[in-house]
Structures are given as structure tokens and as C-alpha cells.
Amino acid sequence: MPDTAPAWHLSLTDSVYALGAAARQLRAAHQHAQLTARTTDPARIVSVPGRVTTTGAEPVRPHDEALWQLSDLYMVLEHHTAELYENAALGYAHGTAAAVQAVLRSDRPRHVELPRDRNGLYVLDPADLPDLSQSLTTAAGARDLADLRARLLACAQEDDPAALANTAYAYGECAERALRHLIRHAETHGFLHAS
């Protein structure tokens, strides 16, 4: 019976693409959360002055209360989506870098392997992102990867989570292009299926 499993390089690039797709989805969710938080900011909306009284309590302004409750809720959502996006972007950067390293070592992994905690978050340190620039050519993105890695490390030191997430995502994109370049090169030169 023929082997119907996809070739290792196809499943590996699918794995890397899925990491990028997760980061893109969470980035979009975070951007929506930011926009929603701004549109419900009580300082930006003209409050409806009507009051409601209840027995034995001070009168309340229901519109104001609703705005403050929504503002609190959306601030929590904005913070949570920012953390998820940062984690997914770091997963994309680290996972894609690991895939590139594996191909450079002539390994044939079918999937990216990343450590996760019991809550499903990747356990990654920006400082552990490998320097791929020495192993790649300019055509494969060596300079861009070196620049993005330096920026990512600077963002981590400056404790700038938004910049860290965006830079990690950019690094992941650049590393994914490098991975595809390496696989095309290996296929062109007959190394892809050699044992």
C-alpha cells in the first residue's frame, strides 16, 4: 500500500503556516478589542443624563453605568488579546526558526515542536531566538532576520509588549520565507528526497 502521508516538507510548511495564521487571527482580535475599547470609552461618549431610582438607594444613571461596565470589560479583553497575540507571535518566530534550523541540519521534521504550559500558552523566551543569519544567504533573508532578531531583543529589554509582538510576527514571516527558500533550493538540487 502506498504511503499517503504528505511529504515531511509539506506538513512542516503547513505547521509553520498554521502558527502564522494563529498569530494573524489573534492580532486581528486584539485590533478589534482595541477599537471596541475606544468606541465605548466613557470619556468619548456623550452620556444620557436620565436617572433611575430604586427603593432605598441613590438614583443611578443607567447609561453611565453601562458605559463604565463595558469599558472595564473591553479593557480586560484588550489586555488578554494583547497577551495572546504576543504569545502566538513569539510561537510563530520561534517555531519557524526551529523549522529553518532543522532543514539546515538536514533533519526532516513533519511539524514544528514548541513547549506549552498547561494553559496552552507557548513557553518561550525572546532571548532564546536563534541567530539564523550566519547559516543563510542574503537571498534567503539573512540580513532581514538578523535585523529583526536584534529589534526583537531590544523590544524585550525595553519591555514593549506591542512592539515585541509585531516584531516577533515580522520575524516569523521572514523566517517562513527563508524556510520556503531552503526547501525550494533543496528540491531544485535533488536534496529534498535524498536519504
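When Rg/Rh (Cα atoms, Kirkwood Rh) is calculated directly from the model, which label among (1) 1.20; (2) 1.05; (3) 1.15 fits?
The calculated read-out lines up with (1).
Report, in deg cm²/dmol and to the nearest 500, the calculated mean residue ellipticity at 222 nm for the chain, where each DSSP H run with n ≥ 4 adds -39500 (n - 2.57) and the sum is divided by the residue count.
About -22000 deg cm²/dmol.
Residues of the range 125-180: accessible area per residue at 1.4 Å, in Å²?
Using a 1.4 Å probe on heavy atoms only, each residue of the range 125-180 averages 50 Å².
When the solvent-accessible surface of protein heavy atoms is calculated with a 1.4 angstrom probe, in what order do V103, V60 fall, highest first?
Accessible-area ranking of V103, V60, largest first: V60, V103.
Evaluate E = 1/(1 + (r/R0)^6) for T137 and S106, where r is the Cβ-Cβ distance and R0 equals 25 Å; express this FRET efficiency to the nearest 0.05.
Between T137 and S106 the formula returns 0.90.
Rounded to the nearest 10 Å², what accessible area does L132 have for a 1.4 Å probe in the complete protein model?
0
Loop by DSSP (not H, G, I, E, B), at most 13 other beta-carbon atoms within 10 Å: where is the longest site-free stretch of the chain for trypsin sites (Lys or Arg not before Pro)?
Formally, the longest exposed-site-free interval is 119-195.
Using +1 at the Cβ of each Lys and Arg and -1 at the Cβ of each Asp and Glu in the range 1-76, identify which of G50, Y74, Q31 lies farthest towards the dipole's positive end.
It is G50.
To the nearest 20 debye, what charge dipole does the range 1-160 have about its Cα centre, counting +1 at the Cβ of each Lys and Arg and -1 at the Cβ of each Asp and Glu?
420
If we count GluC sites (Glu not before Pro) as exposed when they sit in a DSSP loop and have at most 14 other beta carbons within 10 Å, what is the longest stretch of the chain that avoids them all?
The segment 1-112 is the longest one with no such site.
Calculated FRET efficiency, E58 and R118, Cβ-Cβ r, R0 45 Å, to nearest 0.05?
Given R0 = 45 Å and the Cβ-Cβ separation, E is 0.50.
Roughly how far apart, in whole Å, are the Cα centres of the range 75-137 and the range 7-45?
15
The values are calculated or read from the model by the stated rules, or taken from the named source; none is laboratory data. Bear in mind the structure is a predicted one, so any value in this text is a computation, not a measurement. Neighbour counts run over all protein chains shown; Cβ positions are idealised from the backbone, glycine included. Side chains included, ligands, DNA and RNA excluded: accessible areas come from the protein's heavy atoms. Shrake-Rupley method; radii C 1.70, N 1.55, O 1.52, S 1.80 Å.
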